[in-house]
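A.B. asks: What follows is a structure written as structure tokens; I'll ask about it next.
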Amino acid sequence: MSEGLDAKALWSISYGLYVVSSRSGEGRLNGQIANSVFQVTSEPPQVAAAINKGNLTHEYIEESGVFAVSVLSQDVTMKFIGLFGFRSGREVDKLSQARYMPGATGVPVVLDYSVSFIEAEVVGSLDVGTHTIFVGRVVAGRVIGGGRPLTYAEYHELKKGKAPKAAPTYRG
């Protein structure tokens with residue numbers, strides 16, 4: 001930890017909770033929980049997602065150049081978060097246990113517990129050490145469910161959720 005830094009200062013940054021999904025060059029599908037997704041421009045509309053370099057979804061985004069973001073609702077279950085957040089796509093077919101549809105880019109758009117989704121084509125990336133920030137031009141998106149988006153603070157406070165070691169917000 002940086003000298004002079006109180007980690008609690010970083011904990012006050014607001015986040016959401018999302019499933020970021022992609023496909024491999026051969027058409028295999030995967031998704032993962034992410035909390036670092038944000039809109040970076042309005043014209044053209046672009047979003048960014050920070051993905052751990054060790055994750056299968058990272059590999060698929062690099063291969064295909066496309067990703068989708070499903071915004072999770074407050075009624076998402078811990079079982080669902082656990083499937084996408086604490087299990088590796090190298091060991092389990094996560095999407096066989098979730099409802100999804102193929103998006104305009106061929107990526108899986110997760111429908112379960114989703115308020116909305118956004119699909120993007122990668123236009124740039126930034127290596128930030130353990131993670132890559134992928135910036136994508138939005139090519140599709142819509143509201144698909146009711147309810148309110150789940151914030152990362154609510155995930156910790158209401159659902160007693162933890163951050164995995166691969167998360168950019170891991171607290172050790």
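A.B. asks: Would you pick out the residues in the range 139-172 that are surrounded by fewer than 17 Cβ atoms within 10 Å (Cβ to Cβ), of a type in the set (A, V, I, L, M) and modelled with pLDDT of 70 or more?
C.D. replies: Of everything in the range 139-172, those that are surrounded by fewer than 17 Cβ atoms within 10 Å (Cβ to Cβ), of a type in the set (A, V, I, L, M) and modelled with pLDDT of 70 or more turn out to be VAL139, ALA140, VAL143, ILE144, ALA153.
A.B. asks: Next question. Confirm whether THR57 is more than 20 Å from GLN97 (Cβ to Cβ) and β-branched (Val, Ile, Thr).
C.D. replies: no
A.B. asks: Filter the range 5-47 for residues that are touching a residue at least 60 places away in the same chain (Cβ under 8 Å) and surrounded by fewer than 15 Cβ atoms within 10 Å (Cβ to Cβ); which is farthest from TYR60 (Cα to Cα)?
C.D. replies: Applying the filter and picking the extreme gives ALA7.
A.B. asks: Among (1) in contact with a Leu (Cβ under 7 Å, 6 or more places away or on another chain); (2) farther than 22 Å from PRO149 by Cβ; (3) crowded, with 22+ Cβ neighbours inside 10 Å; (4) not aromatic (Phe, Trp, Tyr), where does LYS94 come up short?
C.D. replies: (2)
A.B. asks: Does GLU59 satisfy the condition of being assigned to a helix (DSSP H, G or I), modelled with pLDDT of 90 or more and surrounded by fewer than 19 Cβ atoms within 10 Å (Cβ to Cβ)?
C.D. replies: no
A.B. asks: Still on this model: Anything in the range 56-82 that is among the aliphatic types (A, V, I, L, M) and under 24 Å from SER24 (Cβ atoms)? List them, or say none.
C.D. replies: Listed by number, the residues that qualify are LEU56, ILE61, VAL66, ALA68, VAL69, VAL71, LEU72, ILE81.
A.B. asks: How about the range 78-97: which of its residues are in contact (Cβ under 8 Å) with a residue 12 or more places away in the chain and either within 16 Å of the chain's Cα centre (by Cα) or within 19 Å of ILE118 (Cα to Cα) (or both)?
C.D. replies: MET78, PHE80, ILE81, LEU83, PHE84, GLY85, PHE86, SER88, GLY89, LYS94, LEU95
A.B. asks: Going residue by residue through the range 5-17, is there one that turns out to be at pLDDT 95 or above and touching a strand residue (DSSP E or B) at 6+ places or on another chain (Cβ under 8 Å)?
C.D. replies: For the range 5-17, residues at pLDDT 95 or above and touching a strand residue (DSSP E or B) at 6+ places or on another chain (Cβ under 8 Å): absent.
A.B. asks: Can I ask one more? For the range 82-93, give me each residue that is in contact with a strand residue (DSSP E or B) (Cβ under 6 Å, 6 or more places away or on another chain) and either modelled with pLDDT of 95 or more or on the phi > 0 side of the Ramachandran plot (or both).
C.D. replies: PHE84
A.B. asks: Quick check: anything in the range 132-145 more than 14 Å from the chain's Cα centre (by Cα) and not in a strand (DSSP E or B)?
C.D. replies: The answer is yes; a qualifying residue exists.
A.B. asks: Let me ask something else about it. When you check SER70 against the structure, is it of a type in the set (Gly, Ala, Ser) and either at pLDDT below 95 or buried (at least 22 other Cβ atoms within 10 Å of the Cβ) (or both), yes or no?
C.D. replies: yes
A.B. asks: Restricting to the range 79-126, and then to whatever is among the β-branched types (Val, Ile, Thr) and part of a loop (DSSP other than H, G, I, E, B), can you tell me which residue is nearest to SER36 (Cα to Cα)?
C.D. replies: The selected residue is VAL107.
A.B. asks: For the range 122-137, indicate whether the set of residues that are over 20 Å from LEU72 (Cα atoms), touching a helix residue (DSSP H, G or I) at 6+ places or on another chain (Cβ under 8 Å), of a type in the set (A, V, I, L, M) and modelled with pLDDT of 95 or more is non-empty.
C.D. replies: Yes, the range 122-137 has at least one match.
The values are calculated or read from the model by the stated rules, or taken from the named source; none is laboratory data. What you see is a predicted model, and the numbers here were worked out from it, not measured in a lab. Cβ atoms come from the backbone with ideal geometry, glycine included; neighbour counts cover every protein chain shown.
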